[in-house]
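The structure appears right after this line, and notes come after that.
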Amino acid sequence: MTAQSDTVFLFDVDNTLLDNDAVVLEYRNHIARECGADTAARYWTIFEGLRLELGYADYLGALQRYRLERRHDPSIYLLSSFLLDYPFADRLYAGALDVLADFGARGRTVILTDGDVVFQPRKIEVAGIQCAVKNRVLIRIHKERELDCVEFFHPSPRYVLVDDKRAILAAVKRIWGDRVTTVFVRQGHYAFDASQLASSPPPDVTISAIGELRHYDATALYDAARGVRVRGT
């Protein structure tokens, strides 16, 4: 195999390929409009507590817990249908599927994301992402701690990881070293989080939008893993 063809390109989903901040904002507005301020406040309190407990966002799990508290509130069914029927393809960032197609021709594209086992797969499928990567999807709890799973299913001498969270990129870099090129996409609220920016070392490559990745060839990305400064074409 060539150096290019045996590379695995790992892509995050939320705020990397898909504008999840916009989805959540619509969801917040929907809850407040359809269910009222009291329901909205209690739901988001449960949601944040569950996120701390699990380590990832579980929107449907928070609904289940809300239901246990307020068994006679019919409004929760309006919320679940909003999430499961949401047109996620409309929230893909410009060029996201083009990037997956382009890098799929250079190597193997794989989705590596955190999330639950119902809503996150649904989002990936409806958005067209699952098809674009030929069903190569890994949904973990803490992906930066489960790189052995990545290596088991997609073994490779080199990886390229594309993500909007600098802390995750830094954690993976510490483990894989020069085997991985870390690509930081400055999209979404995590990408501008002051604490992450201050505490995490710089990634190998930084881009302001996912579509810019098409301007980087594979050789340049390999060089970046070894500390060589690169620019897109």
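How large is the dipole of the range 1-57 about the Cα centre if only Lys and Arg carry +1 and Asp and Glu carry -1, each at its Cβ, rounded to the nearest 20 debye? List each step's numbers first, then the result.
Working: 4 positive and 10 negative charges, 41 e Å.
Dipole size: approximately 200 debye.
Using just the C-alpha positions of the chain as equal point scatterers, what log10 of I(q)/I(0) does the Debye formula give at each q in 0.18 1/Å?
-1.36
Cα-based Rg (one decimal) and Dmax (whole number) for the range 96-233, in Å?
So, for the range 96-233, Rg and Dmax equal 14.4, 40 Å respectively.
Restricting to DSSP H runs of at least four residues, report the calculated mean residue ellipticity at 222 nm for the chain, -39500 (n - 2.57) per run over all residues, nearest 500 deg cm²/dmol. Each step should come with its number before you reach the end.
Numbers: 11 runs with 107 residues, N = 233.
Computed ellipticity for the chain at 222 nm equals -13500 deg cm²/dmol.
Report, in debye and to the nearest 20, how large the dipole of the range 50-102 comes out about its Cα centre when Lys and Arg carry +1 and Asp and Glu carry -1 on their Cβ.
380
Percent of Cα-Cα pairs more than 21 Å apart in the range 45-161, please.
Tail fraction, whole percent: 49.
Search the structure for amide H atoms under 5 Å from the amide H of D164, placed 1.01 Å from N in the peptide plane, and list their residues when 5 or more places away or on another chain.
V185
In whole percent, and with a 1.4 Å probe on the protein chains, what portion of the accessible area of the chain is carbon and sulfur?
About 53 percent, which is the carbon plus sulfur part of the accessible surface.
Gain in length, R51 to A101, computed as 0.36 nm per residue apart minus the alpha-carbon separation, to one decimal in nm?
Working: separation 50, 0.36 × 50 = 18.00 nm, distance 3.26 nm.
Computed gain between R51 and A101 is 14.7 nm.
Under unit Cβ charges (Lys, Arg +1; Asp, Glu -1), what dipole magnitude, rounded to 20 debye, does the chain have relative to its Cα centre? Display every interim value, and only then the final one.
Working: 29 positive and 32 negative charges, 62 e Å.
I would put it at about 300 debye.
Compute the accessible area per residue over the chain, keeping the other protein chains in place, probe 1.4 Å, unit Å². Write out the running numbers ahead of the final one.
Values: 11130 Å² over 233 residues.
Ligands and nucleic acids excluded, the figure is 48 Å² per residue.
Spelling out what I want: for every residue of the range 27-38, take phi, set θ = phi - 60°, compute 6.51 cos²θ - 1.76 cosθ + 1.60 (Karplus), and round to whole Hz; glycine and proline get x.
Using θ = phi - 60°, the values come out as 5, 4, 5, 5, 4, 4, 6, 8, 10, x, 5, 5 Hz.
The values are calculated or read from the model by the stated rules, or taken from the named source; none is laboratory data. From a predicted model like this one, the values you see are computed outputs, not experimental measurements. Backbone-built Cβ (ideal geometry, glycine too); neighbour counts: all protein chains shown. All accessible areas refer to the heavy atoms of the entire protein, side chains included, with ligands and DNA or RNA removed. Shrake-Rupley method; radii C 1.70, N 1.55, O 1.52, S 1.80 Å.
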